[in-house]
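Visitor: Just dropping this structure here.
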Amino acid sequence: MSKSDFGLIGLAVMGQNLVLNVESRGFQVSVYNRTTSVTDEFVAAHPGKKLVGAQSLEDFVQSLASPRKIMIMVKAGGPVDAVIESLIPLLDKGDIIIDGGNSLYTDTERRDKWLGDLGFRFIGAGVSGGEEGARKGPAIMPGGPASTWEVMQPIFESIAAKAEGEPCVTHIGPGGAGHYVKMIHNGIEYGDMQLICEAYNIFKAAGFTADELGQVFSDWYAGDLESYLIQITAEIFKQKDPETGKPIVDVILDTAGQKGTGKWTIMNAVENAVVISTINAAVEARILSSMKDKRVAASTELQGPKSEITGDKAALVKKVHDALFASKIISYAQGLDLITAMSKEKGWNLDLGKIAAIWRGGCIIRARFLNDITDAYRTDPGLSNLMLAPFFKNLLNEFQQNWREVISMATLAGIPVPAFSASLGYYDSYRAAFLPANLLQAQRDFFGAHTYERTDKPRGEMFHTNWPDVIG
Ligand code: 6PG
């Protein structure tokens, strides 16, 4: 039998779908799974396809053409290291290992060095798009040496989604850059999802039925808010629970799970002193949602207004549209700002225009407005903040009044809108020529003689006041 062009280890759903995608582009693919019955069942379920099911890792490695291209799709963390360790004695110098899971970028950097020192080649590739994306075309964010990317480019480009005729894959940068950018993608995904949920909560308080909500989101999907997450949200509202006949959304418990990429994004933002308040709010909203018992107990102890919003429904839809869109711009502005800071810190030289371009298709955050983000960075690669690109500046100026009204309305009705508010707080802080940090500096100087700069003296000149003694 001829040798395979590509190998994949880990036949969970994403792995299986990626294999079928690669095979469908004309490549022969070898597969290996620790539980070999999974391999057998998978190969048997797809007769006539160019698939080679290996019973042992040795057979798997031997079935691959040189240089071997082996993608690992196993759980992030220890399992990735375990697979790499068992592969090392079987590989030849120059063989390529690709980790396609949601690995922490610092793990990817460690593996890049580890494998590089041994003479192997390593790519840490973020893969986004869920099951359907993996099968039909995901967005791929590969990091590692440019020379290794060039070897992988034909396969990656053929399996990736296409947006405006361009494949949704590009060489992101060296080392952990690919997994880093995937992590930020996921942070932005958290922000998008939470913002949609806050819009839903407001509509719910205004008495919208699931059918009405399905219509609102379908209309939004047909307009400037078009995105994959808006599309699936419309579908969710239309779906009925077969057991009760109720809208499925009404029988799903309100506690959110999370696997960690959102938390990692926040930790990285703090380390880089970059504000990503929308993503922060989204992660924290999931944490608060998971405290269901405490929330139920507090709901009868702590008072608030009646969660009811009245008024014209069509007018509300327009206002919430504006609040959602404006908040979404802020969320992306923050995420991209963090990528810029990290790129500088690590010397990665990341190209935000290219990153935005590959997010236009295949991935979970794909959205029409990523075309405008791509244009903004292609026009001005040194853009200091997305909010200041002419297209987005104009939208924010147009939406800001309704954005404020929605947050005020929700707050007065006691409906939590943490991500909407965090976004507006960032907007208002960023555009404030004056912030009350003068008082903060006075406080620091008072208790710790930390000194301050003066408005009437050159920057960098420090002053101290002899403050009164207040402790008796
Ligand atoms: C994607 C998704 C994918 C996965 C997330 C979900 O881009 O395809 O982001 O990677 O669904 O890990 O993360 P949570 O379980 O933390 O929501």
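Visitor: Would you call ARG454 touching a strand residue (DSSP E or B) at 6+ places or on another chain (Cβ under 6 Å), open to solvent by 50 Å² or more (accessible area, probe 1.4 Å) and of a type in the set (Lys, Arg)?
Guide: yes
Visitor: Here's something else I'd like to know. Which residue pairs have Cβ atoms under 8 Å apart, sit 6 or more places apart or on different chains, and have a first residue in region 246-262 that is of a type in the set (Ser, Thr, Tyr) and a second that is more than 8 Å from the ligand (Cβ to nearest atom) and open to solvent by 40 Å² or more (accessible area, probe 1.4 Å)?
Guide: THR255/SER290; THR255/LYS292
Visitor: Now a separate question. Quick one: which helices (runs of 4 or more DSSP H) sit completely within region 139-235 and have at least 1 residues that are in the same structural domain as ALA315 (by TED's automatic domain parsing)?
Guide: Ranges flagged: 177-205, 210-221.
Visitor: Another question, if that's okay. Please work out which one of (1) in contact with a helix residue (DSSP H, G or I) (Cβ under 9 Å, 6 or more places away or on another chain); (2) within 22 Å of GLY130 (Cα to Cα); (3) open to solvent by 10 Å² or more (accessible area, probe 1.4 Å) is the condition PHE42 fails and give its number.
Guide: Only one criterion is unmet by PHE42, namely (3).
Visitor: When region 222-268 is examined, which residues are found to be of a type in the set (A, V, I, L, M, F, W, C), open to solvent by 50 Å² or more (accessible area, probe 1.4 Å), within 29 Å of ASN280 (Cβ to Cβ) and more than 13 Å from the ligand (Cβ to nearest atom)?
Guide: ILE236, ILE252, LEU253, MET267
Visitor: Restricting to region 115-155, and then to whatever is away from the ligand (no atom under 16 Å from the Cβ) and closer than 22 Å to ARG366 by Cα, can you tell me which residue is least open to solvent (accessible area, probe 1.4 Å)?
Guide: Looking at residues that are away from the ligand (no atom under 16 Å from the Cβ) and closer than 22 Å to ARG366 by Cα, I get ILE155.
Visitor: Moving to a separate point now. Quick one: which of ALA356, ALA315, ALA282 is open to solvent by 40 Å² or more (accessible area, probe 1.4 Å) and either more than 16 Å from the ligand (Cβ to nearest atom) or of a type in the set (A, V, I, L, M) (or both)?
Guide: The unique qualifying residue is ALA315.
Visitor: Return yes when ASP372 is in contact with a Ser or Thr (Cβ under 9 Å, 6 or more places away or on another chain) and not aliphatic (A, V, I, L, M) and no when it is not.
Guide: Here the answer is no, as ASP372 does not meet what is asked.
Visitor: Is one or more of the residues making up region 354-372 more than 24 Å from GLY223 (Cα to Cα) and assigned to a helix (DSSP H, G or I)?
Guide: Within region 354-372, one or more residues are more than 24 Å from GLY223 (Cα to Cα) and assigned to a helix (DSSP H, G or I).
Visitor: Then there's this: If LYS344 passes every condition in (1) more than 30 Å from GLU157 (Cα to Cα); (2) free of Cβ contacts under 8 Å to residues at least 24 places away in the same chain; (3) of a type outside the set (A, V, I, L, M, F, W, C) but one, which one does it miss?
Guide: Answer for LYS344: the failing condition is (1).
The values are calculated or read from the model by the stated rules, or taken from the named source; none is laboratory data. Everything numeric in this text was worked out from a predicted model, so none of it was measured. For neighbour counting, all protein chains shown are included, and Cβ atoms are generated from backbone atoms with ideal geometry for every residue, glycine included. Just so you know, the surface numbers come from the protein's heavy atoms only, side chains and all, with ligands and any DNA or RNA stripped out. Shrake-Rupley method; radii C 1.70, N 1.55, O 1.52, S 1.80 Å.
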